[in-house]
Amino acid sequence: MPAVVMDGKALAAKVKEQVRSQVEPMSQKPGLAVILVGDNPASRVYVNGKKKDCGECGIYSEEYALPEETTQEELLELIGALNDRADVDGILVQLPLPKHLNEKEVLLAIRPDKDVDCFHPFNVGQLMIGEEGFQPCTPAGVMRMLEEYGIDPAGKHCVIVGRSNIVGKPQAMLMVKKNATVTICHTKTRDLKAECLRADILVAAAGRVGLITGDMIREGAVVVDVAMNRNDQGKLCGDVVYSQAVEKASYITPVPGGVGPMTRAMLMENTLYAARCHGKV
Ligand code: NAP
């Protein structure tokens, strides 16, 4: 039987509606500042999407579209000013930054209580030790989707393909918190197929078209495809060969319409969370 398709678009709409209904009665609205440096077209699309989401949720948003030649000092100065503003609860710097800018230093400059992307080492540490706090948007979106479909990771073997700081590693932390047994794979993994075949829940986040074929998926596994790649025809696709995987999996996420919309919805939740932490009611 083909897998149940997990509809990230519909669930994201539901999450955003929940955020909107909580924001509506607030006397001081949550505020999000989005900084975009340079003119990367993909980044522009992402930023537009985030602004649209804010509008839908009743969250106040400000965009700073800075020229490519912006200096590190200018960027840090802007972040410093936003850090000090009470109407701004969240600060998001759209990545990647132009090569001449020091990304690490920029992310460190964002005050941890305004770090809605959960990239600051303080928040990453909180996540690591299982404390309450911001949750990184993409992995949190995956967890929310599993929850919605009644998939409890407890006791399950979760295999994550990818060990980046924004997806693979935090995904592992959230899975462990939910009592999954976790394997993280990467380019030095000796036998990727064998590892994937052990998965009750397989999370693909490698950014490689066609990496996960049907023969790498155990009958009945849950398959979550985080990747957003472009194939030879320029079409958006994941790491998983969907037509094969859908015949093996019990649940599967599509690309597009799976994890992507959930990532955006989680940013709205994080901004609301930041506002609450700042005492806005
Ligand atoms: P990344 O920083 O490039 O990391 C990719 C990871 O995959 C690395 O750990 C790499 O291993 C591993 N990998 C690459 N090829 C592999 C292979 N052949 N076998 C095993 N492991 C392999 O990418 P990322 O930022 O985590 O993003 C991953 C994908 O998710 C991309 O397609 C990206 O566009 C997408 N993404 C989607 C969302 C969303 O909202 N849906 C959000 C963020 C990212 P090494 O460490 O050994 O190099």
**Item:** Dipole moment magnitude, nearest 20 debye, the chain about Cα centre, only Lys, Arg, Asp, Glu C-beta charged
**Value:** 680 debye
**Message:** Using only the alpha-carbon atoms, how far is helix 137-148 inclined from the longest principal axis of the chain? Give it as 0 to 90 degrees, nearest 10.
**Reply:** 50 degrees
**Fill in**
So for region 1-117, using the alpha carbon gyration tensor with a ≥ b ≥ c as root eigenvalues (a/c under 1.5 gives rounded; past that, a/b versus b/c decides prolate or oblate), I'd call it oblate
**Prompt:** Which whole-number percent is the relative contact order of the chain (Cα, under 8 Å, 6+ apart)?
**Reply:** 24 percent
**Item:** Neighbour cut-off at most 16 other Cβ (10 Å), DSSP loop, chymotrypsin sites (Phe, Trp or Tyr not before Pro), region 98-189
**Value:** 149
**Request:** Could you tell me which GluC sites (Glu not before Pro) in region 191-256 are loop residues by DSSP with no more than 14 other beta carbons within 10 angstrom of their beta carbon?
**Result:** 219
**Prompt:** Which value at 222 nm does the chain reach when only helices count, each DSSP H run of 4 or more adding -39,500 (n - 2.57), with the total divided by all residues and rounded to the nearest 500 deg cm²/dmol?
**Reply:** -12500 deg cm²/dmol
**Request:** Could you grab the relative contact order for region 143-281? Cα pairs under 8 Å, six or more apart, rounded to a whole percent.
**Result:** 18 percent
**Within a Gaussian network of the chain (alpha carbon springs, distance under 10 Å), most fluctuating of 121, 136, 112** = 121
**Prompt:** Mean separation of Cα pairs under 8 Å and 6+ residues apart, divided by the residue count of region 1-142: what relative contact order is that in percent?
**Reply:** 22 percent
**Item:** Bridge type composition, the chain - antiparallel percent by DSSP, nearest 5
**Value:** 5 percent
**Message:** I want the local charge near residue 221. Using Cβ-Cβ distances under 15 Å, sum +1 for each Lys or Arg and -1 for each Asp or Glu among the other residues.
**Reply:** -3
**Item:** Overall dimensions of the chain as given by Cα atoms, namely Rg and Dmax in Å
**Value:** 18.9, 57
**Request:** Treating the angle as unsigned and between 0 and 90°, give the value, to the nearest 10°, between the Cα long axis of helix 259-277 and the longest Cα principal axis of the chain.
**Result:** 40 degrees
**Message:** Would region 1-62 count as rounded, prolate or oblate if I go by the C-alpha gyration tensor, calling it rounded below 1.5 in a/c and otherwise prolate when a/b exceeds b/c, oblate otherwise?
**Reply:** oblate
**Message:** What does the C-alpha gyration tensor say about the overall shape of region 212-266? Classify as rounded when a/c is under 1.5, otherwise prolate if a/b is larger than b/c, or oblate.
**Reply:** oblate
**Complete:** For region 27-124 the trypsin sites (Lys or Arg not before Pro) that pass both the DSSP coil test and the at-most-15 other-Cβ-within-10 Å test are 85, 99
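Each reported figure results from applying straightforward, stated rules to the coordinates on display, with no laboratory input. All of these numbers come straight from a predicted model, not from anything done at the bench. Note that each Cβ is placed from the backbone with ideal geometry, even for glycine, and that neighbours are counted across all protein chains shown.
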